[in-house]
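The values are calculated or read from the model by the stated rules, or taken from the named source; none is laboratory data. Because the structure is predicted, anything quoted here is derived from the model rather than measured. Virtual Cβ from ideal backbone geometry, glycine too; neighbours counted across all protein chains shown. Just so you know, the surface numbers come from the protein's heavy atoms only, side chains and all, with ligands and any DNA or RNA stripped out. Shrake-Rupley method; radii C 1.70, N 1.55, O 1.52, S 1.80 Å.
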Amino acid sequence: MMEAVANTMNMTLRRLPPWAVYPLGALPALWIVWLTLTGGIGVDPVAGIEQRLGYDAMYFLIGGLAISPLRRLTGINLIRYRRQIGLVAFAYVVLHMLSWFTLDMGLWWRQALGDLYKRPYLLFGISALVLLVPLAVTSNNASVRRLGPRWRRLHWLVYPAVLLGVVHYLWQFKVIPQSGWFWFGLTLALLGLRLWWGARRRMTAWRPRSKA
Ligand code: HEM
């Protein structure tokens, strides 16, 4: 049953070129623009924009992490969209950070530094962004070729980056809501699966051959 669903989905997805992820990925940002222009963003538009961009960043980041497990567990194959999804996620993290620095801090470095001191969880968000920069920079074919096996190792940074981003998000609550636990649990589960599969692959590769 699952195999049939996966096959149908994969056949349908074959018609969607990877570049289509970019216009699709821009839709949440356009929605934020629409809400801002029509007054639907909330009583505090700056916070509304900032928070929505943060959520979109988190959804795309976690979505990107889920691609491999989704294929292994269900057969649904989104691997060829992974790079584009990762870049869209990165764009949202950058826009989220910029919304804070421009709209919230008014481009004032002093105020921004003061805010970082006052709300240390912002440093977790910034650390996540810093870890994502080398991944975005090396997401092109030339870098994959040039770095060889080191590329894969470098892209492991996505796991601590997402974890830092999610901790940054959770830290803002006095009482963490159910949705917060859900995103945290999902991130840990995706991380756990990756570690488990990685360890199993290494164990199989290193198992001493029996002398037959
Ligand atoms: C992977 C990186 C990041 C993720 C996943 C992320 C996610 C989020 C989410 C989901 C929220 C909304 C929380 C809520 O109010 O319900 C948020 C808020 C916020 N984030 Fe991030 N963020 C990231 C990086 C950053 C960076 C680099 C900055 C820059 C300093 C930043 C600054 C903020 C600020 C100022 C808020 C609003 C806090 C408030 O409402 O007072 N974030 N973030």
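Scanning segment 1-36 for residues that are part of a helix (DSSP H, G or I) and open to solvent by less than 50 Å² (accessible area, probe 1.4 Å) gives Ala6, Asn10, Leu13, Pro18, Ala20, Val21, Gly25, Ala26, Pro28, Ala29, Ile32, Leu35.
One residue stands out among those in segment 137-165 that are polar (S, T, N, Q) and assigned to a helix (DSSP H, G or I): the one that is surrounded by the most Cβ atoms within 10 Å (Cβ to Cβ), which is Ser143.
Given (1) under 26 Å from Val158 (Cα atoms); (2) in contact (Cβ under 8 Å) with a residue 12 or more places away in the chain, identify the lone condition not met by Val46. (1) is the only condition that Val46 fails. Hey, any hits in segment 169-186 for a residue that's open to solvent by 80 Å² or more (accessible area, probe 1.4 Å), under 19 Å from Ile67 (Cα atoms) and in a helix (DSSP H, G or I)? Yes. Of the set (1) open to solvent by 30 Å² or more (accessible area, probe 1.4 Å); (2) more than 8 Å from the ligand (Cβ to nearest atom); (3) under 23 Å from Ile62 (Cβ atoms), all apply to Arg119 but (2). One residue stands out in segment 37-60 among those that are within 6 Å of the ligand (Cβ to nearest atom) and hydrophobic (A, V, I, L, M, F, W, C): the one that is surrounded by the most Cβ atoms within 10 Å (Cβ to Cβ), namely Ala57. The residues on offer are Gly75, Gly125, and the sole one that is within 12 Å of the ligand (Cβ to nearest atom), small (Gly, Ala, Ser) and either modelled with pLDDT of 95 or more or over 11 Å from the mean Cα position of the chain (by Cα) (or both) is Gly125.
Can you find even one residue in segment 116-124 that is under 27 Å from Tyr55 (Cβ atoms) and charged (D, E, K, R)? Scanning segment 116-124, I find at least one residue that is under 27 Å from Tyr55 (Cβ atoms) and charged (D, E, K, R), so the answer is yes. Look at segment 64-91: where a residue is assigned to a loop (DSSP other than H, G, I, E, B) and a partner is of a type in the set (S, T, N, Q), sitting 6+ places away or on another chain with Cβ atoms under 6 Å, you get Asn77/Asn10.
Checked against the criterion of being of a type in the set (Ser, Thr, Tyr) and open to solvent by 60 Å² or more (accessible area, probe 1.4 Å), segment 68-83 has no qualifying residue.
Screening the candidates Leu65, Leu113 for the property of being out of contact with any strand residue (DSSP E or B) (no Cβ under 9 Å at 6 or more places or on another chain), surrounded by fewer than 19 Cβ atoms within 10 Å (Cβ to Cβ) and at negative phi yields one hit, Leu113. Looking at (1) near the ligand (Cβ under 8 Å from one of its atoms); (2) under 18 Å from Ile67 (Cβ atoms), find the lone condition where Gly86 falls short. So the condition that Gly86 fails would be (1).
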